[in-house]
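Any read-out appearing in this document is the output of simple, stated calculations on the displayed coordinates, not a laboratory observation. In this text the structure is predicted, and so the values were computed from the model without any measurement. When we count neighbours, we look across all protein chains shown, and the Cβ atoms used for this are built from the backbone with ideal geometry, even at glycine.
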Amino acid sequence: MTARILDGLALATSVRGQLAERAATLKSQGVTPCLAVILVGEDPASAVYVRNKVAACEKAGMRSIKDSYAADIDPAEVFARIAELNADPEVHGILVQLPLPGHFDEDAVLEAIDPSKDVDGFHAGNIGALMQGNPRFIPCTPYGVMKMLEAEKVNLKGAEAVIVGRSNIVGKPMAMLLLAQSCTVTVCHSQSRDLAFHTRRADILVAAVGRARMIRGDMIKPGATVIDVGINRLPDGKLCGDVDFESAREVAGRITPVPGGVGPMTITMLLANTLEAAERTLMEKTA
Ligand code: GUN
């Protein structure tokens, strides 16, 4: 079997077109959706992600604000800026790019963001809402994965879903979303005893560990839907996922490529969350 390749770029382009239309409607009602992004330090990967997020906003007709700080900035300055953005009615979404330098208390920073502007969905209140099954903002990468599964009409009810990786950004919220769709969910991690035993049972396999090509074809159930969230840089500068694409595509039923799979959907869902936040403010105004 050769897997069907899920084109995240095509889906992202189509969804972004719809978002741009919604943004234009909001603008005509006097509200320009606006995302504020805070970047601390000089991590090159973070700088690229932030640049892409800002560019995507502009392209969809949304406003963006970017604040960059040196790695040794006093956290008090960042907290003061977050408070300012929380209070600004023209800012609808606030995102602090992670990871932060070691002298920051990352959880405290995320808690400082107004939950109604937390378009990453990382505030404890928003994570709690997601766990209760009433999400207010869904973290962007797992949200993008769910959109891809939905677009493909993947049957989730009763399916065995195995997630490799337990991060707050991907693994844990991914588990909640798949559970909400009635999957039987297993979360594997670095201490899992027999990884292949679990992955071979998966109808839906989500790889989110950040280790290049660690999921090989012989670890995949024939016909499975394989979602590769990893973005790893190889010594030759090329990008690759957590899944060994060449061997996996011979076994899987569907597979997402890297690049061009989940990546484009992540930023798309950030735009969706920002737009949603802006639409809510308008609804509150007119209520
Ligand atoms: N770092 C890696 N992924 C993310 C993300 O989705 N949001 C933020 N804020 N930082 C990240």
Label zone at ASN155, where the point sits 7 Å out along the Cα-to-Cβ direction: the range 224-256 residues whose backbone N lies under 17 Å: 224-226, 253-254
Estimated dipole of the chain in Debye, rounded to 20 [Cβ of Lys and Arg +1, of Asp and Glu -1, Cα centre]: 1080 debye
Distance from the range 1-54 to the range 168-210 (C-alpha centre basis), Å: 26 Å
Antiparallel bridges, percent of DSSP beta bridges restricted to the chain (to nearest 5): 5 percent
Dipole axis of the chain (+1 Lys, Arg; -1 Asp, Glu on Cβ), positive-most option in ILE220, HIS103, ALA207: ILE220
Beta bridges by DSSP in the range 173-277, antiparallel share as percent, to the nearest 5: 20 percent
Taking LYS285, LYS117, LYS157 and counting other C-beta atoms within 10 Å, the order from fewest to most: LYS157, LYS285, LYS117
Shape category assigned to the range 46-85 from the gyration tensor of Cα positions, a/c cut at 1.5: oblate
Point-charge dipole on Cβ atoms (K/R +1, D/E -1) for the range 139-244, about Cα centre, debye to 20: 160 debye
Per-bin percent of Cα-Cα distances, the chain [5 Å]: 1, 6, 12, 16, 18, 16, 13, 10, 5, 2, 1, 0
Charge-dipole axis of the range 129-287 as Lys and Arg at +1 and Asp and Glu at -1 on Cβ define it, positive-most pick from VAL145, PRO135, VAL262: PRO135
For the range 144-287, alpha-carbon Rg over 2.2 N^0.38 Å: 1.12
Scattering profile of the range 106-194 at q = 0.13, 0.14, 0.17 Å⁻¹ [log10 I(q)/I(0), Debye over alpha-carbon scatterers]: -0.45, -0.51, -0.73
